Amino acid sequence: MNIFKQIYCRTFQTCFKIALPILPYREPDILDDVEKIADILTKNNVNTVLMVIDKNIRRLELSKRLEDSLKDNQIQFHIYEDTVQNPTITNVLEAKKIYLDNHCSAIIGFGGGSAMDCAKCVGASIARPNLSIPKMNGILKIMKKTPLFFAVPTTAGTGSEVTITSVITDEVTKQKYTINDFPLIPDYAVLDYTLTFDLPDFITSTTGMDVLTHAVESYIGNTTTKHTREMAEDAVVLVKNHLLTAYLEPHNIEARKSMQIAAYKAGVAFSRSYVGYVHAISHALSGRYHTLHGLANACILPYFLDEYGAVIDEKLAKLADVISLCDTSLDIHTKANAFRSWVWDMNKQLHIPDTLEEIQVEDIPKLVYYADKEANPLYPVPVLMDKDKLATMIHKFMK
Ligand SMILES: [Fe+2]
């Protein structure tokens, strides 16, 4: 990256770092059971609510307990279930129409990141009716109170239940819009681990590695605080202790519960300290090929940990200590490399591939255009990379 762009990126990130303590971050209230949503709605005099979900989750009847409890409490609910993986502008507009047509006054996002992101964007669009979704792209474009919002994650990964972010895809241009603003932080995060018991193996593994990516990318960036470092370290410990168990023993209560907490903590860390190039490229890949977000992150993360090199050794060594990977008396470089090897090994044990076969060489210029646009100057990455360097990185993990 040329020196002028480097100065611009680092100056931009420093401004955010200085502003971090005064920005209006908040954490959602946590509910541990979906049936508690009805009580909160009743207390807030809400009698009509929009639920944004996807067909698969609905077919698996994961929302049945919630739907029954809403009925029992005479709360009307209207369901939008056409949310697709990597939700689109059309999804948001269709769900918004249901909200307005039925005079809803609260929103429940129920599912993985896609349903929650779609629901969050519906809230943003209700708050800002005259702002098109492409115009929401970036930071602080909403700045108005959104409707009462419940995020109910059915995976343990995305962290969307705690973040300021909603990622929406433009189905025409394939561009992903990353909308970041404080009103998008859910009012309630419902961490009901029973919803994650029957996740398919590859969703448990890839969303779990997404948690790790959130924790590690936020931790090695330049905009951390004591709080975000602690949250990220806690998340890495929980992933180390519970992800493989959740993968191998899907009904293990402690593992499922712990992974939901890990997802939440990593979400707190990255919503304040940001992610990095792994996520920027992952978003570009899902926009172009619908690659699973967690899969792309899991595959890409170790390549970047290797590439960043000695600059992040001290931080990776700390993480290695935190999860007791090796003798704490070893030198920093050795401990950092032990952490890098552990990430490669986790992918192997979770049967996550080390290349992504969908990437086509002719698409690389477009992929790096979007990744560069998303990451530079916003993400406080440990080493700045321009489009050429990002293209070199993509070549490493394409088949
Ligand atoms: Fe992620």
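The values are calculated or read from the model by the stated rules, or taken from the named source; none is laboratory data. Being a predicted model, the structure only gives us computed values, none of them experimental. Heads up, the Cβs are rebuilt from the backbone with ideal geometry, glycines too, and the neighbour counts pull from every protein chain shown.
All of ALA296, ALA317, ALA338, ALA391 fail the test of being assigned by TED's automatic domain parsing to the domain that holds VAL275, surrounded by 17 or more Cβ atoms within 10 Å (Cβ to Cβ), among the small types (Gly, Ala, Ser) and under 22 Å from the mean Cα position of the chain (by Cα), apart from ALA296.
Among what's in region 178-190 and is assigned to a loop (DSSP other than H, G, I, E, B) and surrounded by fewer than 24 Cβ atoms within 10 Å (Cβ to Cβ), pick the residue that is nearest to the ligand (Cβ to nearest atom).
Going through region 178-190, the residues assigned to a loop (DSSP other than H, G, I, E, B) turn out to be 181, 185-187.
Now restrict to residues that are surrounded by fewer than 24 Cβ atoms within 10 Å (Cβ to Cβ): 181, 185, 187.
Values: ASP181: 18, ILE185: 16, ASP187: 22 Å.
Only one residue fits best here, namely ILE185.
Just to be sure before I move on: is SER282 of a type outside the set (A, V, I, L, M), buried (at least 21 other Cβ atoms within 10 Å of the Cβ) and modelled with pLDDT of 95 or more in the structure I sent? Yes; evaluated as a whole, the condition is true for this residue.
How many residues are of a type outside the set (Val, Ile, Thr) and under 15 Å from LEU378 (Cβ atoms) if we restrict to region 137-147?
The first filter runs over region 137-147 and keeps only residues of a type outside the set (Val, Ile, Thr), leaving 137-138, 140-141, 143-145, 147.
From what's left, under 15 Å from LEU378 (Cβ atoms): 137-138, 140-141.
Selection size over region 137-147: 4.
Looking across region 372-385, just one residue is among the charged types (D, E, K, R) and at pLDDT 95 or above, and that is ASP372. Tell me, please, whether a residue that is within 28 Å of SER105 (Cβ to Cβ) and either in contact (Cβ under 8 Å) with a residue 12 or more places away in the chain or surrounded by fewer than 16 Cβ atoms within 10 Å (Cβ to Cβ) (or both) can be found in region 8-20. Among the residues of region 8-20, not one is within 28 Å of SER105 (Cβ to Cβ) and either in contact (Cβ under 8 Å) with a residue 12 or more places away in the chain or surrounded by fewer than 16 Cβ atoms within 10 Å (Cβ to Cβ) (or both), which makes the answer no. Within region 61-73, residues that are closer than 18 Å to VAL46 by Cβ reach partners that are surrounded by fewer than 18 Cβ atoms within 10 Å (Cβ to Cβ) and at pLDDT 95 or above with beta carbons closer than 8 Å, at six or more positions or on different chains, in the pairs LEU66/GLU35; SER69/GLU35; LEU70/GLN76; ASN73/ASP39; ASN73/THR42.
Can you find a residue that is buried (at least 17 other Cβ atoms within 10 Å of the Cβ) and over 30 Å from LEU199 (Cβ atoms) anywhere in region 148-169? Taking every residue of region 148-169 in turn, none turns out to be buried (at least 17 other Cβ atoms within 10 Å of the Cβ) and over 30 Å from LEU199 (Cβ atoms). Of the listed requirements (1) within 20 Å of ALA235 (Cα to Cα); (2) more than 16 Å from the ligand (Cβ to nearest atom); (3) of a type outside the set (A, V, I, L, M), CYS299 misses just one: (2).
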